[in-house]
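A.B. asks: One structure, pasted below without further comment.
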Amino acid sequence: MIKGAIFDVDGTLLDTMPIWRGAAAKFLGHYGVRADENLGDEFFELTLEESAHLIRGRFGLDLSVAEVVHGIKDTVYTDYREEVGLKPGVREFLEALGVREVPMTLVSSGSELLIRAAFERLGIMQYFQEVFASTETGLHKREPTMILQAAESMGSEPGETWVFEDALYAVRVANEAGFHSIALRDEASLGERTELEAEAEEYWEVFPPNVPESWLL
(Lines give C-alpha, C1' and ligand atoms only; values in the text may rest on other atoms or scores of the structure.)
Protein backbone atom coordinates (compact mmCIF):
# COMPACT_ATOMS: atom_id res chain seq x y z
CA MET A 1 0.00 0.00 0.00
CA ILE A 2 1.28 3.47 -0.83
CA LYS A 3 2.26 5.36 2.31
CA GLY A 4 4.27 8.16 0.76
CA ALA A 5 4.82 9.94 -2.56
CA ILE A 6 7.97 11.82 -3.58
CA PHE A 7 7.79 14.11 -6.59
CA ASP A 8 10.46 15.66 -8.74
CA VAL A 9 9.45 19.16 -9.87
CA ASP A 10 10.92 20.32 -13.19
CA GLY A 11 9.66 18.19 -16.06
CA THR A 12 7.53 16.06 -13.74
CA LEU A 13 5.04 18.39 -12.05
CA LEU A 14 5.94 21.65 -13.80
CA ASP A 15 6.40 22.24 -17.52
CA THR A 16 9.63 24.16 -17.01
CA MET A 17 12.11 22.54 -19.33
CA PRO A 18 11.63 25.16 -22.10
CA ILE A 19 12.47 27.83 -19.51
CA TRP A 20 15.67 26.10 -18.40
CA ARG A 21 16.72 25.35 -21.96
CA GLY A 22 17.12 29.06 -22.63
CA ALA A 23 17.99 30.33 -19.14
CA ALA A 24 21.78 30.11 -19.43
CA ALA A 25 21.92 31.98 -22.74
CA LYS A 26 19.52 34.61 -21.44
CA PHE A 27 21.62 35.10 -18.30
CA LEU A 28 24.86 35.37 -20.28
CA GLY A 29 23.24 37.91 -22.57
CA HIS A 30 23.01 40.31 -19.61
CA TYR A 31 26.84 40.33 -19.64
CA GLY A 32 27.22 40.74 -23.38
CA VAL A 33 28.07 37.08 -23.95
CA ARG A 34 26.41 35.34 -26.88
CA ALA A 35 25.64 31.65 -26.39
CA ASP A 36 23.51 29.00 -28.05
CA GLU A 37 19.91 29.29 -26.90
CA ASN A 38 19.87 25.56 -26.12
CA LEU A 39 22.97 25.72 -23.91
CA GLY A 40 20.77 24.69 -21.00
CA ASP A 41 20.38 21.19 -22.47
CA GLU A 42 23.85 20.46 -21.10
CA PHE A 43 22.66 21.06 -17.54
CA PHE A 44 19.83 18.49 -17.48
CA GLU A 45 21.40 16.41 -14.68
CA LEU A 46 23.20 19.27 -12.91
CA THR A 47 22.28 21.35 -9.89
CA LEU A 48 22.24 25.13 -10.19
CA GLU A 49 25.63 25.29 -8.47
CA GLU A 50 27.17 22.77 -10.86
CA SER A 51 25.70 24.65 -13.81
CA ALA A 52 27.11 27.90 -12.44
CA HIS A 53 30.60 26.37 -12.16
CA LEU A 54 30.42 25.24 -15.77
CA ILE A 55 29.13 28.59 -17.08
CA ARG A 56 31.62 30.62 -15.07
CA GLY A 57 34.58 28.56 -16.29
CA ARG A 58 33.57 28.21 -19.92
CA PHE A 59 32.74 31.87 -20.49
CA GLY A 60 35.34 33.40 -18.18
CA LEU A 61 32.85 35.40 -16.12
CA ASP A 62 34.31 37.65 -13.44
CA LEU A 63 31.63 36.46 -11.02
CA SER A 64 31.57 34.06 -8.11
CA VAL A 65 29.61 30.82 -8.35
CA ALA A 66 27.12 32.26 -5.87
CA GLU A 67 26.65 35.34 -8.06
CA VAL A 68 26.04 33.18 -11.13
CA VAL A 69 23.50 31.05 -9.23
CA HIS A 70 21.74 34.19 -8.04
CA GLY A 71 21.73 35.62 -11.56
CA ILE A 72 20.25 32.48 -13.10
CA LYS A 73 17.56 32.33 -10.41
CA ASP A 74 16.69 35.97 -11.08
CA THR A 75 16.52 35.21 -14.80
CA VAL A 76 13.85 32.52 -14.41
CA TYR A 77 12.08 33.73 -11.25
CA THR A 78 9.47 35.78 -13.10
CA ASP A 79 8.59 32.80 -15.29
CA TYR A 80 8.06 30.63 -12.22
CA ARG A 81 6.09 33.30 -10.40
CA GLU A 82 3.88 34.33 -13.31
CA GLU A 83 3.87 31.88 -16.22
CA VAL A 84 4.96 28.27 -15.75
CA GLY A 85 2.15 25.72 -15.72
CA LEU A 86 1.44 22.22 -14.46
CA LYS A 87 1.99 19.11 -16.52
CA PRO A 88 -1.22 17.37 -17.66
CA GLY A 89 -3.20 15.67 -14.90
CA VAL A 90 -1.03 16.90 -12.02
CA ARG A 91 -3.72 18.76 -10.06
CA GLU A 92 -6.21 15.89 -10.24
CA PHE A 93 -3.63 13.30 -9.20
CA LEU A 94 -2.44 15.37 -6.23
CA GLU A 95 -6.05 15.82 -5.16
CA ALA A 96 -6.62 12.06 -5.40
CA LEU A 97 -3.60 11.37 -3.19
CA GLY A 98 -4.68 14.10 -0.78
CA VAL A 99 -8.16 12.63 -0.40
CA ARG A 100 -6.52 9.36 0.65
CA GLU A 101 -4.24 11.24 3.06
CA VAL A 102 -1.06 10.01 1.37
CA PRO A 103 1.87 12.16 2.57
CA MET A 104 3.73 13.95 -0.21
CA THR A 105 7.13 15.63 -0.44
CA LEU A 106 9.19 17.33 -3.14
CA VAL A 107 12.77 16.42 -4.06
CA SER A 108 14.38 18.66 -6.67
CA SER A 109 17.80 19.47 -8.07
CA GLY A 110 16.61 23.08 -8.30
CA SER A 111 15.72 25.85 -5.87
CA GLU A 112 13.04 25.91 -3.18
CA LEU A 113 12.57 29.64 -3.81
CA LEU A 114 11.55 28.99 -7.41
CA ILE A 115 9.39 26.00 -6.51
CA ARG A 116 7.41 27.93 -3.92
CA ALA A 117 6.94 30.87 -6.28
CA ALA A 118 5.23 28.59 -8.80
CA PHE A 119 3.39 26.27 -6.43
CA GLU A 120 1.85 29.02 -4.34
CA ARG A 121 0.52 30.74 -7.47
CA LEU A 122 -0.81 27.44 -8.80
CA GLY A 123 -2.42 26.57 -5.47
CA ILE A 124 -0.72 23.22 -4.88
CA MET A 125 1.84 24.01 -2.18
CA GLN A 126 -0.51 22.77 0.54
CA TYR A 127 -0.20 19.18 -0.66
CA PHE A 128 3.48 18.89 0.28
CA GLN A 129 4.90 18.39 3.75
CA GLU A 130 8.46 19.39 2.92
CA VAL A 131 10.72 20.51 0.09
CA PHE A 132 14.18 19.02 -0.36
CA ALA A 133 15.99 21.08 -3.02
CA SER A 134 19.65 20.89 -3.99
CA THR A 135 20.26 24.63 -3.85
CA GLU A 136 19.27 24.68 -0.18
CA THR A 137 20.46 21.22 0.95
CA GLY A 138 23.71 21.08 -1.00
CA LEU A 139 22.84 17.50 -1.97
CA HIS A 140 22.47 15.98 -5.45
CA LYS A 141 19.85 13.56 -6.71
CA ARG A 142 22.59 11.32 -8.11
CA GLU A 143 22.72 10.02 -4.53
CA PRO A 144 19.66 8.69 -2.63
CA THR A 145 20.13 10.91 0.44
CA MET A 146 17.33 13.37 -0.30
CA ILE A 147 14.73 10.77 -1.23
CA LEU A 148 15.63 8.78 1.89
CA GLN A 149 15.27 11.95 3.97
CA ALA A 150 11.94 12.68 2.29
CA ALA A 151 10.63 9.19 3.06
CA GLU A 152 11.77 9.48 6.67
CA SER A 153 10.01 12.85 7.01
CA MET A 154 6.76 11.17 5.91
CA GLY A 155 7.25 8.12 8.13
CA SER A 156 7.31 5.73 5.16
CA GLU A 157 9.76 3.03 4.14
CA PRO A 158 11.20 2.95 0.59
CA GLY A 159 9.19 -0.17 -0.27
CA GLU A 160 5.93 1.65 0.45
CA THR A 161 6.93 4.96 -1.16
CA TRP A 162 6.51 5.95 -4.82
CA VAL A 163 8.99 8.27 -6.55
CA PHE A 164 7.82 10.25 -9.60
CA GLU A 165 10.56 11.34 -12.01
CA ASP A 166 11.24 12.27 -15.61
CA ALA A 167 15.01 11.63 -15.62
CA LEU A 168 16.59 8.21 -16.11
CA TYR A 169 19.43 8.75 -13.63
CA ALA A 170 16.93 9.67 -10.89
CA VAL A 171 14.76 6.62 -11.62
CA ARG A 172 17.84 4.43 -11.30
CA VAL A 173 18.74 6.00 -7.95
CA ALA A 174 15.20 5.41 -6.67
CA ASN A 175 15.23 1.80 -7.85
CA GLU A 176 18.59 1.08 -6.26
CA ALA A 177 17.34 2.52 -2.95
CA GLY A 178 14.30 0.23 -2.97
CA PHE A 179 11.58 2.73 -3.92
CA HIS A 180 8.79 2.23 -6.43
CA SER A 181 9.52 4.40 -9.48
CA ILE A 182 7.14 6.03 -11.94
CA ALA A 183 8.59 7.75 -15.01
CA LEU A 184 6.77 10.71 -16.55
CA ARG A 185 7.02 11.75 -20.17
CA ASP A 186 8.79 15.05 -20.81
CA GLU A 187 10.20 16.53 -23.99
CA ALA A 188 13.64 16.92 -22.42
CA SER A 189 13.95 13.19 -21.65
CA LEU A 190 12.37 11.68 -24.77
CA GLY A 191 15.79 10.41 -25.82
CA GLU A 192 15.76 8.22 -22.70
CA ARG A 193 12.24 6.90 -23.19
CA THR A 194 13.20 3.33 -24.07
CA GLU A 195 15.38 3.03 -20.97
CA LEU A 196 12.78 4.74 -18.78
CA GLU A 197 10.09 2.33 -19.94
CA ALA A 198 12.38 -0.60 -19.19
CA GLU A 199 13.68 0.53 -15.80
CA ALA A 200 10.77 2.36 -14.17
CA GLU A 201 7.92 0.39 -12.67
CA GLU A 202 5.58 2.28 -15.00
CA TYR A 203 5.91 4.95 -17.69
CA TRP A 204 3.12 7.52 -17.81
CA GLU A 205 2.36 9.87 -20.66
CA VAL A 206 0.32 11.99 -18.23
CA PHE A 207 -0.82 11.68 -14.63
CA PRO A 208 -4.04 9.69 -14.19
CA PRO A 209 -7.06 11.27 -12.46
CA ASN A 210 -7.07 8.63 -9.73
CA VAL A 211 -4.62 6.59 -7.66
CA PRO A 212 -4.23 3.09 -9.17
CA GLU A 213 -6.30 0.60 -7.20
CA SER A 214 -3.36 -1.78 -6.95
CA TRP A 215 -1.51 0.80 -4.82
CA LEU A 216 -4.30 0.90 -2.23
CA LEU A 217 -4.42 -2.81 -1.38
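A.B. asks: With a cut-off of 8 Å between alpha carbons and a minimum separation of six or more residues, what is the relative contact order of segment 17-83 in percent?
C.D. replies: About 32 percent, as a whole number.
A.B. asks: Calculate how steeply helix 112-122 sits against the longest principal axis of the alpha-carbon atoms of the chain, using the helix alpha-carbon long axis, and give the answer as 0 to 90 degrees to the nearest 10.
C.D. replies: 60
A.B. asks: Now for a separate question. Would you mind classifying segment 122-217 by shape? Square roots of the alpha carbon gyration tensor eigenvalues, ordered a ≥ b ≥ c; an a/c under 1.5 is rounded, otherwise it is prolate if a/b is larger than b/c and oblate if not.
C.D. replies: rounded
A.B. asks: In addition: Which trypsin sites (Lys or Arg not before Pro) in segment 17-83 sit in a loop by DSSP (not H, G, I, E or B) and have at most 12 other Cβ atoms within 10 Å of their own Cβ?
C.D. replies: Arg34
A.B. asks: Using alpha carbons only, how many angstrom separate the centre of segment 1-71 from the centre of segment 131-198?
C.D. replies: 19
A.B. asks: Can you give me the three principal axis dimensions of segment 71-162 from its C-alpha atoms, in Å, biggest first?
C.D. replies: Principal-axis extents of the Cα atoms in segment 71-162, largest first: 39, 31, 18 Å.
A.B. asks: Ok, one more. When ligands, DNA and RNA are left out and all protein chains stay put, how many square angstrom of accessible area per residue does the chain have with a 1.4 Å probe?
C.D. replies: On a per-residue basis, the chain sits at 45 Å².
A.B. asks: Whole-Hz ³J(HN,Hα) for each residue in segment 91-105, computed from phi via Karplus 6.51 cos²θ - 1.76 cosθ + 1.60 with θ = phi - 60°, x for glycine and proline: what do you get?
C.D. replies: The phi angles translate into 4, 5, 5, 4, 4, 5, 5, x, 4, 8, 6, 7, x, 9, 9 Hz.
A.B. asks: Quick one: Karplus J couplings for segment 176-181, per residue in order, coefficients 6.51, -1.76, 1.60, θ = phi - 60°, nearest Hz, x for Gly and Pro?
C.D. replies: 5, 8, x, 8, 6, 10
A.B. asks: While we're on this one: Using only the alpha-carbon atoms of the chain as identical scatterers, what base-10 log of I(q)/I(0) does the Debye formula give at q = 0.08, 0.10 Å⁻¹?
C.D. replies: With no solvent term, the Cα-only Debye profile gives -0.27, -0.42.
A.B. asks: Counting only protein heavy atoms, what percent of the accessible surface of segment 17-83 is carbon or sulfur at a 1.4 Å probe?
C.D. replies: Looking at segment 17-83 in its full context, I get 47 percent from C and S.
A.B. asks: Still on this structure, I have one more. Given +1 on the Cβ of Lys and Arg, -1 on the Cβ of Asp and Glu, and no further charges, what dipole in debye does the chain carry about its Cα centre, rounded to the nearest 20?
C.D. replies: Rounded to the nearest 20 debye, it is 460 debye.
A.B. asks: Hey, another quick one. Could you pull out every one of the lysines with an alpha carbon less than 24 Å from that of Lys141, ignoring same-chain neighbours closer than 8 positions?
C.D. replies: Of all the lysines, those that pass the test against Lys141 - Cα under 24 Å, at least 8 places apart if same chain - are Lys3, Lys73, Lys87.
A.B. asks: I need two numbers for segment 155-197: Rg to one decimal and Dmax as a whole number, Cα atoms only, in Å.
C.D. replies: 10.7, 35
A.B. asks: Of all DSSP beta bridges located in the chain, what percent are antiparallel, nearest 5?
C.D. replies: So the antiparallel bridges in the chain amount to around 5 percent.
A.B. asks: Could you give the spread of the C-alpha atoms of segment 17-83 along their three principal axes, from largest to smallest, in whole angstroms?
C.D. replies: Answer, in whole Å and largest first: 31, 23, 19 Å.
The values are calculated or read from the model by the stated rules, or taken from the named source; none is laboratory data. The model shown is predicted, which means the values in this text are computed figures rather than measured ones. Neighbour counts run over all protein chains shown; Cβ positions are idealised from the backbone, glycine included. Just so you know, the surface numbers come from the protein's heavy atoms only, side chains and all, with ligands and any DNA or RNA stripped out. Shrake-Rupley method; radii C 1.70, N 1.55, O 1.52, S 1.80 Å.
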